[in-house]
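Each value in this text was obtained by applying a stated rule to the coordinates, not by laboratory testing. Predicted model only: the values in this text are computed from it and were never measured. FYI the Cβ positions are ideal-geometry reconstructions off the backbone, even for glycines, and counts take in every protein chain you see.
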Amino acid sequence: MRVLVTGGAGFIGGNLCRALAARPDVEQITVLDDLSSGDLVNLAGVEADFVLGSVLDRQLVAELAAGATTVIHLAALPSVPRSLKDPLTSHAVNVTGTLHVLEACRRSMPHVIVASSSSVYGDSPEKYKHEDLPARPLSPYGAGKLAAEGYTLAYAESYSLPVLAFRFFNVYGPLQPADHAYAAVVPAFVSAALRGHPIPIYGDGTQARDFTYVETLADVVVEAAVRRVTSRRPVNLAFGTRVSLLELKEVLATVLERRVEAAFLPPRPGDIRDSRCSPHLLRELFPDLRAVPLDEGLRRTVAWFETFLRVSQDLELNAST
């Protein structure tokens, strides 16, 4: 199996490439990334051919896809707040970039796995977000992910392209950046707590998420690639848990074995109140799947952050001497 991973130098991509490299049936990994939000450090120790470039480069995407038996399309401009600030760029990368990948793939017909997002559900009032619910995105990011998965499924119907579109729910874990304005909730919490700062909570903290540890996600995607799993519907990739931000704060305090303070900030436009997955279709397709529990995932994440912060402090100290 020869795998092309777009966005493979990102947080999810780096973990995924590491999982792919551990499989004997994977002959070659090629990573396409423009490093706008990724980092080559995320691929340290991974045997992969790295290509610096963008999914907006149609010719480059076509050349790379032609040599792949599997394409895993992760490349995107992440973050709801970023899409509110610059919706046109968000659309270009997340929608047009996906279309470039699909156009390239319909020539050589590899198996295609595309990353979508739980943000397509918006604030649907149903307790569990299942794949047959009407999509109600609240942000340009969510609308773009809905369009991207729509194109993916349409290419399956129109051109018999073998595809699988996953809807990721609040992925967290090692390699996830915390040092920018659009940091996701777990790295923002962990980074602040380890520095002794109050963790930032937008709103009252009762809003809830279905958190997915990145190694669990990588295991699912690799299994899907190896077995060439396809679906005519998008597939939720999460496990039906509901954890409020206040509860997340307390789990983090237990992991750190000390009190964690919070700084409450105004709610952000486009943020979803509650996001909880119905995992029935996922479990039908992957019946042997086992998820890493939140407390264990947070322990591993904290351990990675502690090492990362220690290395960063050492580098700063060496630079100043």
query = Which of the residues belonging to region 62-82 are more than 17 Å from R167 (Cβ to Cβ) and either out of contact with any strand residue (DSSP E or B) (no Cβ under 7 Å at 6 or more places or on another chain) or free of Cβ contacts under 8 Å to residues at least 12 places away in the same chain (or both)?
reply = A62, E63, A66, L77, P81, R82
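Going by the structure shown, is E63 acidic (D, E), touching a helix residue (DSSP H, G or I) at 6+ places or on another chain (Cβ under 8 Å) and surrounded by fewer than 21 Cβ atoms within 10 Å (Cβ to Cβ)?
So E63 fails the test.
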task = Kindly list, by first and then second residue, each pair from a residue in region 27-51 that is at positive phi to a residue that is buried (at least 20 other Cβ atoms within 10 Å of the Cβ), limited to pairs with Cβ atoms under 9 Å and residues at least 6 apart or on different chains.
result = L35/A9; G45/R18
query = Out of all the residues in region 34-47, is one or more surrounded by fewer than 17 Cβ atoms within 10 Å (Cβ to Cβ) and of a type in the set (S, T, Y)?
reply = yes
inquiry  = Given the criteria within 22 Å of K129 (Cα to Cα), touching a residue at least 12 places away in the same chain (Cβ under 8 Å) and not small (G, A, S), does V221 qualify?
reply    = yes
message = Looking at region 99-107, can you tell me whether even one residue there is surrounded by fewer than 20 Cβ atoms within 10 Å (Cβ to Cβ), of a type in the set (K, R) and closer than 30 Å to S244 by Cβ?
response = no
